[in-house]
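The values are calculated or read from the model by the stated rules, or taken from the named source; none is laboratory data. Just so you know, these numbers come straight off a predicted model, no measurement behind them. Positions of Cβ are generated from backbone atoms using ideal geometry, with glycine treated the same way; all protein chains shown enter the neighbour counts. Accessible surface areas use protein heavy atoms only, side chains included; no ligands, DNA or RNA. Shrake-Rupley method; radii C 1.70, N 1.55, O 1.52, S 1.80 Å.
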Amino acid sequence: MNLIDGKATSAAIKAEIAAKVAERTARGLRAPHLAAILVGHDGGSETYVAAKVKACAECGFTSSLIRFESTDQEPLAQETLLAEIERLNNDPEVDGFIVQLPLPRHIDEQAIIAAINPDKDVDGFHPVNVGRASIGLPCFHSATPAGIVELLKRHGIETKGKNVVIVGRSNIVGKPLAAMLMQKGKGADATVTVCHSATENLADYTRRADILVAALGRPHFVTEDMVKDGAVIVDVGTTRVPDASRKSGFRLCGDVDFEHVAPKCSWITPVPGGVGPMTIVSLMQNTLLANERALGE
Ligand code: GUN
């Protein structure tokens, strides 16, 4: 069994991005600028956004964190959020921005995503980017799937002709990953199956996977009997489970029963330190691309 080291890979890519940014700013070009909108105080979202701001600093980017309060007593008006999106759409100093999800339930998430200028949609969530990705045109790819594809490439893991089984059909991971891996070309060319909560006899599918991606958000859901000998396992799960021995009071738990599955695999991503760090690095790659496009480079 070999570990797919997302932490080391993401560090290497961040160094590559930082070198490119340093070279560009030395030529007098403006550094990439990522803005993030955070509504409320969801624990996971706070952590992710803080990690994105930190990664911006490591890559030599400018970042802006825009916070809105929203409580049951004083819910944030959707119009306020839409007005901020419009302001960022028109701010020539901002190359790309994200609205951290999930949003409070009273806000229409799809209406918010649709309001983002696709040219600044570095999350790749806007229907224009989703559509372009599905037909293989240049676009901003959703960060987690892009990170997974990059991890496989950089570890020399072949996808061409392989059976890839994805468990989970989310708009953020399962669906866009399927679209990317089924395209023609390097790092793709796979035969992709997407399984979900209504799939019958799930293990019949997962046991056929050369590459199995678990992205359903249920701790330790994938057990050793569901995995073929020698398979590659990509674990996207990051559920917070209570752990009194940690200062934070929780630990991150993957969707794969790592202890029992790992001995059967050729490659496997750990949690944490696998897919998670790659997601953030993909967002940095998208923001650099947005900056290059904005400056006509
Ligand atoms: N929530 C969970 N993952 C993501 C992500 O990649 N982008 C945004 N904006 N919100 C998320």
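Key figures for this structure:
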quantity	calculated
Out of ALA31, ALA35, sole residue that is within 14 Å of the ligand (Cβ to nearest atom), surrounded by 16 or more Cβ atoms within 10 Å (Cβ to Cβ), farther than 25 Å from GLY249 by Cβ and modelled with pLDDT of 95 or more	ALA35
Residue in the stretch 3-11 that is modelled with pLDDT of 95 or more, β-branched (Val, Ile, Thr) and either within 16 Å of the chain's Cα centre (by Cα) or within 16 Å of the ligand (Cβ to nearest atom) (or both) present	yes
Qualifying residue in the stretch 216-231 (condition: surrounded by 14 or more Cβ atoms within 10 Å (Cβ to Cβ) and acidic (Asp, Glu))	yes
Filter result (open to solvent by 50 Å² or more (accessible area, probe 1.4 Å), more than 16 Å from the ligand (Cβ to nearest atom) and within 17 Å of the chain's Cα centre (by Cα)) within the stretch 127-153	SER134, LYS153
Unmet criterion (only one of (1) closer than 30 Å to VAL261 by Cβ; (2) touching a Leu at 6+ places or on another chain (Cβ under 7 Å); (3) open to solvent by 20 Å² or more (accessible area, probe 1.4 Å)) for SER45	(3)
Out of ALA55, ALA77, ALA51, sole residue that is away from the ligand (no atom under 16 Å from the Cβ) and not charged (D, E, K, R)	ALA77
Filter result (open to solvent by 60 Å² or more (accessible area, probe 1.4 Å) and of a type in the set (Lys, Arg)) within the stretch 245-271	ARG246, LYS247, ARG251
Residue match in the stretch 66-77 (condition: open to solvent by less than 60 Å² (accessible area, probe 1.4 Å) and without any contact (Cβ under 8 Å) to a residue 24 or more places away in the chain)	yes
Failed item, numbered, when ASP119 is tested on (1) outside any helix (DSSP H, G or I); (2) more than 15 Å from the ligand (Cβ to nearest atom); (3) touching a residue at least 40 places away in the same chain (Cβ under 8 Å)	(1)
Residue in the stretch 176-198 that is farthest from the ligand (Cβ to nearest atom), counting only those that are over 12 Å from the mean Cα position of the chain (by Cα) and in a helix (DSSP H, G or I)	MET182
Test: residue in the stretch 85-92 that is among the hydrophobic types (A, V, I, L, M, F, W, C) and part of a helix (DSSP H, G or I)	yes
Verdict on GLY274 being among the small types (Gly, Ala, Ser), touching a residue at least 60 places away in the same chain (Cβ under 8 Å) and either buried (at least 17 other Cβ atoms within 10 Å of the Cβ) or over 17 Å from ARG169 (Cα atoms) (or both)	yes
Single residue of the stretch 93-113 satisfying the filter (assigned to a loop (DSSP other than H, G, I, E, B), within 11 Å of the ligand (Cβ to nearest atom) and of a type outside the set (A, V, I, L, M)) that is surrounded by the fewest Cβ atoms within 10 Å (Cβ to Cβ)	PRO102
